[in-house]
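Notes to accompany the following structure.
The numbers here are math on the coordinates, done by the rules we state, and not lab data. Being a predicted model, the structure only gives us computed values, none of them experimental. For neighbour counting, all protein chains shown are included, and Cβ atoms are generated from backbone atoms with ideal geometry for every residue, glycine included.
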Amino acid sequence: MRVVGITAVAAVLLAGCALSLEEISQREPEFVKTTTKSPEKYQECVLRAWVDDYLITQSVPTETGYTLYARASGIPAHQRHVLEIARVDGGSRVTLRSPHYTGHFNSNKQAEACL
């Protein structure tokens with residue numbers, strides 16, 4: 001019974017440190033860049049790079065491009081990296097936001113390499 005109580009307290013404390021997707025989307029971006037690549041070509045490149053480091057990736061089409069989500073296995077869904085790719089004249093605008101804790105993954109470097 002004591003172990004259950006300690007586990008419950010630890011879960012509550014950790015939940016207070018977690019960011020929701022809404023909170024991540026309100027964070028200052030790690031970077032905002034433009035590329036001459038179309039949203040389709042850019043998201044294909046990033047997905048290939050992220051699949052090597054992240055076990056769970058998702059690409060969601062939007063009205064102007066794509067939103068990509070990535071996280072490692074065992075990391076809660078709300079602790080994912082969010083990459084917004086929007087069509088602009090001459091290519092795409094790319095905005096990367098990450099949770100405070102990013103572990104050993106380098107989403108920033110991988111996303112920049114695809115520019």
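Remark: Leu68, Leu83, Leu115 ranked as Leu115, Leu68, Leu83, counting other beta-carbon atoms within 10 Å and listing the fewest first. When Ile85, Ile75 are arranged by Cβ crowding within 10 Å, least crowded first, meaning fewest neighbours, the order is Ile75, Ile85.
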